[in-house]
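**Q** Pasting a structure here, questions to come.
The values are calculated or read from the model by the stated rules, or taken from the named source; none is laboratory data. The structure displayed is predicted, hence computed values, not measured ones. Cβ: placed from backbone, ideal geometry, glycine included. Neighbour counts: every protein chain shown.
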Amino acid sequence: MYDSIIVGCGFAGAVVARELAERGGQNVCIIEKRNHIGGNCYDLYDDEGILIHQYGPHIFHTSKQHVYEYLSRFTEWYDYKHEVVANIHGEYMPVPFNLNTLKLIYGEEKAAELREKLISTYGMESRVPILKLRENPDKEIQQVADYVYENIFLHYTLKQWGQKPEEIDPSVSARVPVLISEDNGYFQEPYQGMPLEGFTPLFEKLLDFPSINVMLDTDASQLIRLEDGKIYFDGEEFTGQVIFTGPIDEFFSCCYGQLPYRSLNFVFEHYEQSDYQPKAVVNYTVSEDYTRITEFKKLTGQKMPEHTTIVKEYPIPYTGMNGEIPYYSIVNDDNMALYAKYVQLLEGYPNFHLLGRLAEYKYYNIDAIVDEALKLADKLLG
């Protein structure tokens, strides 16, 4: 019998499994509904030999040294600093909007004036949410804010979320602030990179431990049952720990209704040419139905001079239909109240733990969920 059962084999589940097995000496079972490990970070080689991310681009970045050092046990790193540009009416401009973007829009002289005004108002290297920038009473700063809002945020947000920037949770729009900086980097954390051999080999090493058993193609809801304060696994009472990283509403058969998410439709295209676009990721903020195009070679550093593979991302509402994947929780008061009703169903089950984007109905970057997984393991191991 197992000491702990983990549902889901993304970073949340895999890190907890490794810690409980390695540090705690536990026999751990991971139940994964998909036919592969790695969650949404799963990568593989396509038919043309290009390493692609099946569920869209994932980039590691963190300011947490202990998280970087932990993952470095299982991978070497390709030194990659993520830079994104937006295709705005056919011209490529850095995203997030920064002081370099000012020059492209306004020219050197006007940009220099605006630069000094923004620095004196907000301070160099500051991160200003777009809605806060729009509140500034200065007319010139308002003009900059209106340009950024219209050309970078408004149409992109409508595509991605089906809502205007002011209608979504402020934490969402704050992920891509206006940078009072000349750094074109999309992230500003000191530790950035891509797993040298890919995310899937990282997961293979992370899970390579004698007392970890992974069950793929397995629906946990068919094996785990909660009843009268007791947990049952495969028909037998289970007194160990259950760490659940999947969609909590689906575990309870959406008895209160489905938690709303945004999903994505990925369209992969292959070209017999060396390059497709100037950066690994190009956002389409004022045109096209897709939000962005990723060219994988530029992300991973793979050398394939005569071929390249891209993916276009089309946001769609999540309906729960077969094949759709819930990617982004839609955080608002009504949805959080619905989520709380599902959490209440777990009262009386202290050994049942929720961890991760779907289980907690919140957004996590890779480093944040690895950190949360390590904290939960510390708690469980005392």
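**Q** For the range 167-213, give me the residue count where each residue is of a type in the set (Val, Ile, Thr), out of contact with any His (no Cβ under 8 Å at 6 or more places or on another chain) and within 30 Å of residue 18 (Cβ to Cβ).
**A** Start the filter on the range 167-213 by keeping residues that are of a type in the set (Val, Ile, Thr), which leaves 168, 172, 176, 178, 180, 200, 212.
After this cut, where a residue has to be out of contact with any His (no Cβ under 8 Å at 6 or more places or on another chain) as well, the list is 168, 172, 176, 178, 180, 212.
Right, trim to within 30 Å of residue 18 (Cβ to Cβ) and you get 212.
So the answer is 1.
**Q** Got a number for residues in the range 290-310 being hydroxyl-bearing (Ser, Thr, Tyr) and assigned to a strand (DSSP E or B)? Spell out how you get there, then give the answer.
**A** As a first pass, look at the range 290-310 and keep what is hydroxyl-bearing (Ser, Thr, Tyr): 290-291, 294, 300, 308-309.
From the residues that got through so far, the ones that are assigned to a strand (DSSP E or B) too are 294, 308-309.
Selection size over the range 290-310: 3.
**Q** Also, quick follow-up: Kindly indicate the residue of the range 273-332 that is over 16 Å from the mean Cα position of the chain (by Cα) and among the acidic types (Asp, Glu) and also farthest from residue 164 (Cα to Cα) among those meeting that condition.
**A** Across the range 273-332, the extreme among qualifying residues is 306.
**Q** Among the residues of the range 43-85 satisfying the criterion of being in a strand (DSSP E or B) and acidic (Asp, Glu), which is surrounded by the fewest Cβ atoms within 10 Å (Cβ to Cβ)?
**A** Start the filter on the range 43-85 by keeping residues that are in a strand (DSSP E or B), which leaves 43-45, 51-53, 60-62, 77-78, 83-85.
In the following step, the residues that additionally are acidic (Asp, Glu) were identified as 43, 83.
Numbers: 43: 25, 83: 17.
Checking each candidate, the answer is 83.
**Q** Does residue 253 count as hydroxyl-bearing (Ser, Thr, Tyr), assigned to a loop (DSSP other than H, G, I, E, B) and closer than 29 Å to residue 14 by Cα?
**A** yes
**Q** Within the range 114-137, can you find the residues that are without any contact (Cβ under 8 Å) to a residue 40 or more places away in the chain and either outside the structural domain of residue 166 (by TED's automatic domain parsing) or not in a helix (DSSP H, G or I) (or both)?
**A** Within the range 114-137, the subset without any contact (Cβ under 8 Å) to a residue 40 or more places away in the chain is 114-117, 120-121, 132, 134-137.
Once the filter is applied, which keeps residues that are without any contact (Cβ under 8 Å) to a residue 40 or more places away in the chain and either outside the structural domain of residue 166 (by TED's automatic domain parsing) or not in a helix (DSSP H, G or I) (or both), the range 114-137 yields 134, 135, 136, 137.
**Q** Here is a further query. What number goes with the only condition from (1) surrounded by 19 or more Cβ atoms within 10 Å (Cβ to Cβ); (2) more than 28 Å from residue 112 (Cα to Cα) that residue 158 does not pass?
**A** Going through the list (1) surrounded by 19 or more Cβ atoms within 10 Å (Cβ to Cβ); (2) more than 28 Å from residue 112 (Cα to Cα), residue 158 breaks only (1).
**Q** So, one more: Would a scan of the range 95-107 turn up a residue that is on the phi < 0 side of the Ramachandran plot, within 20 Å of the chain's Cα centre (by Cα) and in contact (Cβ under 8 Å) with a residue 40 or more places away in the chain? Don't jump to the end; show me each part of the working.
**A** Filtering the range 95-107 for residues on the phi < 0 side of the Ramachandran plot gives 95-106.
From what's left, within 20 Å of the chain's Cα centre (by Cα): 95-96.
Going one step further and asking which of them are in contact (Cβ under 8 Å) with a residue 40 or more places away in the chain, we end up with 95-96.
The answer is yes; a qualifying residue exists.
**Q** Does the range 148-198 hold any residues that are modelled with pLDDT of 90 or more, hydroxyl-bearing (Ser, Thr, Tyr) and not in a loop (DSSP other than H, G, I, E, B), and which are they?
**A** 149, 156, 157, 191
**Q** Something else about it: Considering 313, 324, 347, which residue is without any contact (Cβ under 8 Å) to a residue 60 or more places away in the chain and either outside any helix (DSSP H, G or I) or not aliphatic (A, V, I, L, M) (or both)?
**A** Details: 313 fails: without any contact (Cβ under 8 Å) to a residue 60 or more places away in the chain; 324 fails: without any contact (Cβ under 8 Å) to a residue 60 or more places away in the chain.
Going through 313, 324, 347 in turn, just one is without any contact (Cβ under 8 Å) to a residue 60 or more places away in the chain and either outside any helix (DSSP H, G or I) or not aliphatic (A, V, I, L, M) (or both): 347.
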